[in-house]
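This report refers to the structure that appears directly beneath it.
The values are calculated or read from the model by the stated rules, or taken from the named source; none is laboratory data. Because the structure is predicted, anything quoted here is derived from the model rather than measured. Virtual Cβ from ideal backbone geometry, glycine too; neighbours counted across all protein chains shown.
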Ligand SMILES: NC(=O)c1ccc[n+]([C@@H]2O[C@H](COP(=O)([O-])OP(=O)(O)OC[C@H]3O[C@@H](n4cnc5c(N)ncnc54)[C@H](O)[C@@H]3O)[C@@H](O)[C@H]2O)c1
Ligand SMILES: [Zn+2]
């Protein structure tokens, strides 16, 4: 049964974490102390429950708590070897765990265990960090809070900071918390309610003080010509720049992107002080681990042409990498971890918005959220004083902290398609849907494009939230619609690397019954549609300079000739030759182009369900439900071909094993000798 102290802690944490004004995503930690009966001795034992490493307060559950014995935690003070070796204390926490100990204790555990209060909250509120990063933060803390809240000069999180705060609480019995310079806030209380009220009071009092005392234009007067572009133009501009920007962010390792054009971002970029402030970088330790020390800022107004903007972005990227190398070289010591990549994680484009990057969509999205936090912090600090983040050497010590490095090393190996953005046409049904599911399961971000927006979004929802898949509307035979779908994909995930030309339909009529309209429809959707999708997406891939894959779901019928198939079969043969033509043309950009030739996929197929299956069943004299089995008997392997079999072939063509193959078609038909490739 959950201890009442832990239960109160979880409820409080969820309430605090639910409101972004209180702390950034996964930022901060909370604790409660209480008593339980030690199952070994039958005696009461004092425990502290504290949010473990990682995890978010808003969704904290009991499994996210570390549980430590207070007597043993307090004993650590006697063996603490001093600040130079404070990192060793993290390993010592493992010897304080109660029972199995729950979640891994975080670096902030010392603060929670050592501060003499039953409930402690450590939070990263924008308003509190604004005070914490103001040049005269100490004086402001006195002015705003009197002696109720105490200033603690910047110190890297760890055992010493815990000791410092414990000492402050002991020396200032009237205090309810403190402002941690350059970092955030800590508050305490005898009860959970009191701690929560104290946290909220510190946060809200800072916000109210900023609102009342801030100068009118904290980011300086508006910059001429830097106004945000109107909505449609802005999104189009963002989509036009995104592939270049993703390529820049991915020079050392491929990244997924996220785009934000909220008013907070656009207002910041339209103000005269944004270049100076952006260069100062972020401050809260949580922030720059996710955003890097500083962003790359395009120094051209939105009135500049796309071409000029792209050229300038490339220049700035080179400078950014040199600058980052310089930062590493200035600060690295003998046992620092190796440099982790020199590319920006945040790219700011005035008038357009912010592109943020990460190893997956969630990480990219949160990096963007953190930079919005940083903008709020800078606005507050500049409104009252001057924004003064912690200095470069301290930022480096956090970014390349051995404990952080160890965390990174413990991360599970990424899935084979991690960081890759896939666009699958006709993915609301049948083979396309199974392919989208397979690519997502292997780690790709997936864009499901189909005629019906509703069905595309339904299929995307089945794969998880918008961090995994999004649905977009497209008629692949319409060039403008294809461009709009590709733009939507690029804005959803930063770019495109893996395209599956799957949309299709089958009319199956004899030559004399095939109308001109039938012929055009088959060719418009499959031959022209694949061409349009390949063209729009290859442009993105070429700009990204990250290579890519295009896979055509062609057909056995691109090889095999039978009656009643002239329009469909000819369109499939057209697609099959596009594979070879584009493989030959796009190879110099690292783009592989391959095809899959399915046959007889009845299960899940809309083509079969919409009358064609009934027609075939009647022709062969079998029941429609047995058609799949009937087709199986005609194959060499006597196996029914399922949508998943096609999806697996697509994965193999794009996955890590088949890196040196282009211009190939893989038959997935359970063996049809008449369609053997030769
Ligand atoms: N099912 C088979 O046995 C088989 C065999 C060989 C090849 N194929 C090919 O596999 C692909 C998928 O077939 P399926 O069996 O999964 O069919 P399906 O009908 O289940 O799925 C096709 C999807 O494409 C979409 N689509 C149709 N026209 C479109 C357009 N203009 N723009 C965007 N989307 C459009 C449809 O809405 C549908 O969701 C097709 O190209 C088909 O020719 C299927
Ligand atoms: Zn913190």
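Kindly indicate whether any position in the stretch 158-167 is part of a loop (DSSP other than H, G, I, E, B), within 30 Å of the chain's Cα centre (by Cα), in contact (Cβ under 8 Å) with a residue 40 or more places away in the chain and surrounded by fewer than 22 Cβ atoms within 10 Å (Cβ to Cβ). The answer is yes; a qualifying residue exists. On inspection, residue 210 qualifies as assigned to a helix (DSSP H, G or I) and either more than 15 Å from ligand 2 (Cβ to nearest atom) or farther than 21 Å from residue 83 by Cβ (or both).
Selection of first residues in the stretch 517-528 that are closer than 11 Å to residue 504 by Cα and at pLDDT 95 or above and of second residues that are away from ligand 1 (no atom under 11 Å from the Cβ) and in a helix (DSSP H, G or I), restricted to Cβ pairs under 6 Å at least 6 apart or on distinct chains, gives the following pairs, ordered by first then second residue: 522/567; 527/574. Counting only helices (runs of 4 or more DSSP H) that fall entirely inside the stretch 266-341 and contain at least 2 residues that are on the phi < 0 side of the Ramachandran plot, modelled with pLDDT of 95 or more and touching a strand residue (DSSP E or B) at 6+ places or on another chain (Cβ under 8 Å), the qualifying elements are 274-280, 306-331.
When 457, 473, 483 are screened for being under 20 Å from residue 538 (Cβ atoms) and within 14 Å of ligand 1 (Cβ to nearest atom), only 483 passes.
Does the stretch 409-428 contain at least one residue that is away from ligand 1 (no atom under 16 Å from the Cβ), in a helix (DSSP H, G or I) and farther than 30 Å from residue 216 by Cα? Yes: the stretch 409-428 contains one or more residues that are away from ligand 1 (no atom under 16 Å from the Cβ), in a helix (DSSP H, G or I) and farther than 30 Å from residue 216 by Cα. Identify, please: which residue in the stretch 514-573 is in contact with a strand residue (DSSP E or B) (Cβ under 6 Å, 6 or more places away or on another chain) and assigned to a helix (DSSP H, G or I) and is, among those, nearest to residue 251 (Cα to Cα)? So, considering only residues that are in contact with a strand residue (DSSP E or B) (Cβ under 6 Å, 6 or more places away or on another chain) and assigned to a helix (DSSP H, G or I), the one nearest to residue 251 (Cα to Cα) is 541.
Would you say residue 233 is under 23 Å from residue 304 (Cβ atoms), in a helix (DSSP H, G or I) and without any contact (Cβ under 8 Å) to a residue 12 or more places away in the chain? In short, yes. Report, ordered by the first and then the second residue, all pairs with beta carbons closer than 7 Å, sequence separation of six or more or different chains, a first member in the stretch 328-342 that is surrounded by 15 or more Cβ atoms within 10 Å (Cβ to Cβ), and a second member that is part of a loop (DSSP other than H, G, I, E, B). Sorted first by the residue in the stretch 328-342, then by its partner, the pairs are 328/339; 336/400; 337/400; 341/252; 341/253; 342/252.
In the stretch 439-455, of all residues being buried (at least 24 other Cβ atoms within 10 Å of the Cβ) and either within 20 Å of the chain's Cα centre (by Cα) or over 24 Å from residue 555 (Cα atoms) (or both), the one that is farthest from ligand 2 (Cβ to nearest atom) corresponds to 448. Those helices (runs of 4 or more DSSP H) of the stretch 54-157 in which at least 1 residues are over 27 Å from residue 393 (Cα atoms), considering only elements entirely within it, cover 70-79, 88-93, 109-114, 137-145.
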